[in-house]
Amino acid sequence: MPTATRLAELRGLLPVAKTIAYADPQAVYRQLRAEWGEVAPVELEPGINGWLVMGHEELSFIVRNERLFAKSSVHWREYAEGLLKPDSPLMPFMFPRPNAWMTDGEEHRRVRAPLDEAVNGLRLRQVSRQVTEVCDALIGEFAAKGEADLLSQYALMIPTVVIGRMLGLDLETALEMHQAQMAMFAINENSHAAAARFEEILFSLVMARKAAPADDMTSVIVHHANMASDEERMQAMVVLISAAAQGTMSWIAQVLALMLTDARFSGRMRGGRLGTDDALDEVLWRDPPTANLPARFALRDTVLAGQAIEKGDALILGFTAANADPRVHGDDQWGELGNRSHLAFSAGPHMCPAHVPARLIVRTAVDAALHQLPGLRLTVPAEELPRLESPWTRSPATLPVTFTARVRHRAVQPSN
């Protein structure tokens, strides 16, 4: 493999919005493309190399080709050779586990079936009512103040509360689980401990539902015939939460950030020329919640976009870069409205199973904020909007806004 471009450098440019460059990850990808093409060498951590796949065609080929690119990291050369420490910050995302994220073929289909059944069993009308109730309650807490942080007070809380209810978690535990998940995504010295706490919370929930089933998604998974052990049950929950809560929060925040920072797009929406789903899809194309996703592992030597990929190499799926691949876009950005051939939910056997309920939650949340918070404005310049420090997920770290405060009318007292 050629001398690696450090992923630490890429990570630094993606989340920390101190300059315009940090707010524009595509500048990083353009630089990498100019030097390497659609597949660029990166360093995942000191001494551990991989590839960042930035081409739409190349990424689509990888995720649909299980015979050449495996999801299980038992095929990862550096892992097999013992070059990674047990407390590596890559552990939560790239070490082998018996779940639908880390398996292939028949084993993947076996452990994914409980997730599909749990998601497909959701009653979408009930989900819509619950999300609407949660949005209304959250907005009601700050509507009279005329200011809020739409990340911590809204975008974060909606999936935490709604998905927590779906799983059977109380609010305090759901918030703690989210905090542990955020620490995992940061990829630093705290990631290992955060992953342990994240799994501890879910294992406790699994054991509680194993003893006493309830009307929730956790019970569907725990008592599914395909689940062979408590570890598999817990790992199924890890996949479900990782795919649901963080991604949904980031999607809500990204859409609201688009509305608050892109005057052309906001103007077209407020003028009725675009709808909320157009905004949702624009984010999935332009700045998807999952920016980069680990990983696929080459099962034999091959060539990809002119790069010599060796057996055992790790390939990181660069969704944000691939969605901006100039080979799949025309010159008219507005002419592509309604196009959903983006890779934000991946594709192939590991495609996200919850994209329909996720879209419902995000659409409801965005509509509620736009309709109930008139005069919504960001209180910091767009280029100074801070971003979460993670190479994997893309989201503002805060969304400070002002709006027209909701007036609380006093009851009229009868005159004497």
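No value in this document is a laboratory result; all are computed from the given coordinates. Computed from a predicted structure; not experimentally measured. Ideal geometry is used to build each Cβ from the backbone, glycine not excepted, and the neighbour counts take in all protein chains shown.
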For every other residue with a beta carbon closer than 12 angstrom to the beta carbon of residue 231, add +1 if it is Lys or Arg and -1 if Asp or Glu, then tell me the sum.
-1
Between the range 146-219 and the range 58-78, how far is it from one alpha carbon centroid to the other, in angstrom?
29
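If Lys and Arg each add +1 and Asp and Glu each add -1, what is the summed charge of the other residues whose beta carbon sits under 15 Å from the beta carbon of residue 98?
Local net charge: -1.
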Could you tell me how many cubic angstrom of Cα convex hull volume the range 158-271 has per residue?
131
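Among the trypsin sites (Lys or Arg not before Pro) within the range 216-285, which fall in a DSSP loop and have no more than 13 other Cβ atoms within 10 Å of their own Cβ? Mind showing how you got there, number by number?
Details: sites: 233, 264, 268, 270, 273; in loops: 273.
Passing both the DSSP loop test and the Cβ count: 273.
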Lysine pair number, Cα distance threshold 30 Å (strictly under), the chain, separation 8 or more or different chains
5
Projected onto their principal axes, the Cα atoms of the range 5-398 stretch, largest extent first, over whole-Å spans of 59, 56, 36
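Return the FRET efficiency for the residue pair residue 172, residue 263: r is the Cβ-Cβ distance, R0 is 51 Å, and the value is rounded to the nearest 0.05.
Working: r = 40 Å, r/R0 = 0.78.
E between residue 172 and residue 263, to the nearest 0.05, is 0.80.
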Fewest to most Cβ atoms within 10 Å: 280, 59, 124 sort as 124, 280, 59
Which three extents, in angstrom, do the Cα atoms of the range 231-276 have along their principal axes, listed largest first?
51, 17, 8
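Could you calculate the contour length gain from residue 34 to residue 372, that is, 0.36 nm times the residue separation minus the distance between their Cα atoms, to one decimal place in nm? Show your work: numbers first, answer last.
Working: separation 338, 0.36 × 338 = 121.68 nm, distance 4.48 nm.
Additional length available on full extension: 117.2 nm.
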With charges only on Cβ, +1 for K and R and -1 for D and E, what is the dipole size of the range 5-398 about its Cα centre, in debye, rounded to 20?
600
Cβ-based charge dipole, the chain, positive-most Cα from 137, 212, 101
137
Inter-site label distance for residue 211 and residue 406 at 7 Å from Cα along Cβ, in nm
4.1
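What net charge is computed for the residues neighbouring residue 300, neighbours being all others with C-beta under 10 Å from the C-beta of residue 300, Lys and Arg scored +1, Asp and Glu -1?
Numbers: positive: 67, 311; negative: 301, 310.
That works out to 0.
Please sort by residue number the trypsin sites (Lys or Arg not before Pro) in the range 51-158 whose DSSP state is loop and whose Cβ has at most 16 other Cβ atoms within 10 Å. The partial results should precede the final answer.
On the way: sites: 64, 67, 71, 77, 109, 110, 112, 123, 125, 129, 145; in loops: 64, 67, 71, 123, 145.
Counting only loop positions with at most 16 other Cβ atoms within 10 Å, the trypsin sites (Lys or Arg not before Pro) in the range 51-158 are 64, 67, 123, 145.
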Separation between the residue 352 and residue 379 pseudo-spin-labels, each 7 Å from Cα along Cα→Cβ, expressed in nm?
3.0
Separation of the residue 145 and residue 299 label points, Cα + 7 Å toward Cβ, nm
5.4
Dipole check, the chain, charges on Cβ (K,R +1; D,E -1), about Cα centroid: among 284, 27, 343 the Cα furthest to the positive pole belongs to 284
Hey, what did the range 50-117 get for relative contact order, percent, Cα under 8 Å, at least 6 apart?
27
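GluC sites (Glu not before Pro) within the range 61-154: which are DSSP loop residues with at most 10 other Cβ atoms inside 10 Å? Don't skip to the answer; put the middle values down first.
Working: sites: 66, 78, 81, 106, 107, 117, 133, 141, 147; in loops: 66, 81.
Those satisfying the criteria are 81.
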State, as an integer percentage, the relative contact order of the range 5-398 based on alpha-carbon contacts under 8 Å between residues 6 or more apart.
28
